Amino acid sequence: MVNATATRKSAKTTSRKAPKHTSALERVIPNQEKVRLMVIEVLREESGRELAASARCNGQEFDWEHHNAQFRQDYAETSLRDLLTYARKLYGLQNLDEVRDRRAAHKATRTGRLNALNSLNATDDLDTNEEFEIDLEEDTNLDD
């Protein structure tokens, strides 16, 4: 009986406390960091497009996944000021408004590609369904 009581007491004292709550606004990235990340993404996309075009012209393949990962790693700690200097010198983006416009253009291009891909997939699904319906009709005619 002594052992059972001792076990219950030790279970109570070793119970884990719930993790400390962090409010939503404390978990949000500050605006300055969001701007810095936006500039990184614009530079990543611009440099990737340039390097992919160069590779294509030289008959080589370009690994976007490797480029994206390496770029983000290389510039993870770069200051906003330095990133904007790269944007100005390499791509003629003179200020944050121009960077934002370029980011919007990248998003529009990506959305267009995804929509085109989704349209192709929908057409493929329709073709597959039409073939299936034709096969059913042929099977019905075989029974006659």
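Each reported figure results from applying straightforward, stated rules to the coordinates on display, with no laboratory input. All values derive from a computational prediction rather than experimental measurement. Methodologically, a virtual Cβ is constructed for each residue, glycine included, from the backbone with ideal geometry; neighbour enumeration extends over all protein chains shown.
Of the peptides 93-99, 76-82, 37-43, the order by per-residue mean of other Cβ atoms within 10 Å, starting with the highest, comes out as 37-43, 93-99, 76-82. Our coupling estimate for segment 50-55, obtained by passing each phi through the Karplus curve with A = 6.51, B = -1.76, C = 1.60 and θ = phi - 60°, is 5, 5, 5, 5, 4, 4 Hz, Gly and Pro reported as x.
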